[in-house]
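To keep things clear, I will list the structure first and then write my remarks on it.
Nothing in this text is a laboratory measurement; each read-out follows from the coordinates by a stated rule. Nothing here was measured: the structure is a model prediction, and the numbers come from that model. Here the Cβ positions follow ideal geometry from the backbone for every residue, glycine too, while neighbour counts run over all protein chains shown.
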Amino acid sequence: MSNPTQKPSLENTQLKDIVAHAKEYGFVFPSSEIYDGLAAVYDYGPNGVELKNNLKQLWWRAMTQLNQNVVGIDAAIFMHPLTWKASGHVDGFNDPLIDNLDSKKRYRADVLIEDKAAELAKQGDQAGADILLADMGRLLTAEDLGGVRQLIIDYKITCPVSGTANWTDVRQFNLMYSTQGSAVEGDAAQIYLRPETAQGIFVNFLNVQKSARMKIPFGIAQIGKAFRNEIVARQFIFRMREFEQMEMQFFIRPGSEMEWYNKWKETRHRWHQAVGLPAEKLRFHDHDKLAHYANAAVDIEFEFPFGFKEIEGIHSRTDFDLSQHQALSKKKQQYFDNDLDPETGKPYGNYVPYVVETSVGADRLFLATLCQAFTEETITEGEGEKEQTKTRTFLKLHPALAPIKAAIFPLVRKDGLPEKAEQIFDELRHDFRLIYEDRDAIGKRYTRQDLIGTPFCIAVDHQTLEDDTVTVRHRDSREQTRMPISELRSYIGEAVSFRRIFEQL
């Protein structure tokens with residue numbers, strides 16, 4: 001058998017192939033598919049929910065277990081409506097929209113311009129792409145929507161459907177979903193499904209600080225759902241109306257924000273590499289237009305099949321959020337810092353802390369992981385006249401992230417092999433997520449596990465009955481190792497441990 005030639009998915013596979021694979025092998029399904037689906041809403045299948053939970057657990061433990069000064073909360077999705085007034089979402093959480101009069105399709109103006117910039121960069125005109133993005137950032141900052149429309153016209157940006165440039169004016173559209181705060185219509189004020197998870201952390205800042213006896217600098221982490229009424233929701237699960245965020249807000253002394261901003265920027269970049277996203281497919285993108293709450297912001301972007309796109313944002317949020325909540329609620333959001341200021345020799349005293357935020361899209365991270373793992377390789381099997389070349393597809397997931405850690409196969413369904421295989425399954429199932437399967441030829445069983453990313457397949461044969469050894473087949477190399485059953489727990493446990501990832505941080 002010759003050495004395989006691997007073809008990473010980002011170079012050789014279109015997004016549609018990954019989407020089809022995700023559905024067929026139980027990772028992601030269109031929501032409500034029997035009713036023809038719901039646009040930009042998806043369900044995670046049996047393997048998808050395992051992979052996503054592994055990613056979330058890895059992030060959570062990296063934040064709260066590896067950092068003694070980071071604790072977690074789980075805030076409610078519904079919050080007092082004044083929360084979103086203080087945060088600026090009621091007045092300023094908008095996207096610039098534009099319609100094409102010929103196709104009747106609606107687009108985000110900034111996305112059309114970003115796609116044009118990506119096209120220029122792909123053509124080798126990176127300087128032109130940078131100028132276009134800078135112009136867009138300047139116009140959006142100045143809220144010059146007429147200028148944004150003119151930019152679209154000047155660059156001859158056309159509707160992907162009609163191919164025309166018959167555009168309406170650009171206008172702002174608020175992205176929050178609203179509902180009633182009472183079962184009886186008219187009895188309660190309008191409330192919102194939260195558009196981000198950060199505010200649940202900010203309004204609980206003092207509760208957490210006091211109950212967990214935290215001392216600045218410290219962080220509060222949270223994983224939770226958020227909702228945005230995206231007009232342009234596309235590229236599979238990259239942009240959805242219901243999505244999950246993994247955020248950590250790190251509270252610090254005013255004046256130290258850039259030190260911590262740079263520290264978390266590099267820490268998070270290393271984390272993505274440790275998870276399995278290669279450095280050459282990651283890059284930093286500094287924001288041209290800063291959000292109203294930030295004095296510095298950068299995205300960590302991953303090279304998806306459709307180009308470099310954001311998977312995580314790191315923001316220096318200053319004291320904007322806590323100060324706004326303090327002003328509107330009339331409740332002090334201050335911290336008393338009794339450490340001595342070396343310049344004055346006196347305690348720092350009371351202040352509203354500054355914040356550095358790290359915010360990962362769990363769904364985007366899932367998609368990046370799936371895209372990176374999706375691998376096709378050309379292999380040669382057999383010898384002489386029986387030699388044949390074929391394409392092998394498998395998910396090259398880190399063992400710690402794989403939905404199933406090991407599959408246990410009796411070679412045949414007789415001679416006591418199924419009973420022995422089930423005994424091994426029972427011994428290991430309390431430690432690992434396993435599959436037991438005895439249908440079809442063992443080669444087909446190996447292939448099915450490759451397609452969902454299972455790192456180890458354990459074959460139980462007649463020799464197992466004699467000496468209590470099994471054959472362990474490795475997903476990536478397809479090599480097979482003979483080992484005692486008694487060593488399986490430690491062997492698999494070492495391979496799938498988060499510790500191997502944490503050691504890279």
Output the pairs from LYS210/LYS265; LYS414/LYS444; LYS52/LYS420; LYS265/LYS309; LYS16/LYS105 with a Cα-Cα distance over 25 Å in this structure; if there are none, say none. LYS210/LYS265; LYS52/LYS420
Cβ crowding within 10 Å averaged over residues, with 343-355, 236-248 ranked highest first: 236-248, 343-355
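What length, rounded to one decimal in nm, is gained on full extension from ALA279 through to PHE78, with 0.36 nm per residue of separation minus their alpha-carbon distance?
68.5 nm
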Which order do the peptides 390-403, 25-38 come out in when sorted by mean C-beta neighbours inside 10 angstrom, highest first? 390-403, 25-38
In a Debye calculation with equal point scatterers on the alpha-carbon sites of the chain and no solvent, what is log10 I(q)/I(0) at q = 0.07, 0.11 Å⁻¹? -0.48, -1.06
Could you run the Karplus curve 6.51 cos²θ - 1.76 cosθ + 1.60 with θ = phi - 60° over the range 255-271 and give me ³J(HN,Hα) per residue in whole Hz, x for Gly and Pro? x, 9, 5, 6, 4, 6, 4, 5, 5, 5, 4, 6, 4, 5, 4, 5, 4
Name the long-range amide H neighbours of VAL460: under 5 Å, sequence gap of 5 or more, or other chain; modelled H, no Pro or chain starts. PHE409, LEU411
Once you compute Rg and the Kirkwood Rh from C-alpha atoms, what is the Rg to Rh ratio for the range 397-502? 0.94
In whole µm²/s, the translational diffusion coefficient that Stokes-Einstein assigns to the range 57-149, given a Kirkwood hydrodynamic radius over C-alpha pairs, 25 °C and 0.890 mPa s, equals 142
About the Cα centre of the range 94-174, what is the dipole size in debye to 20, counting +1 per Lys and Arg Cβ and -1 per Asp and Glu Cβ, all else neutral? 280
Could you tell me the distance between the Cα centroids of the range 222-294 and the range 397-432, to the nearest Å? 38
From the residues GLN388, GLN372, ALA402, which one has its Cα farthest along the dipole of the range 370-467 in the positive direction, the dipole being from +1 and -1 charges on Cβ of Lys/Arg and Asp/Glu about the Cα centre? GLN372
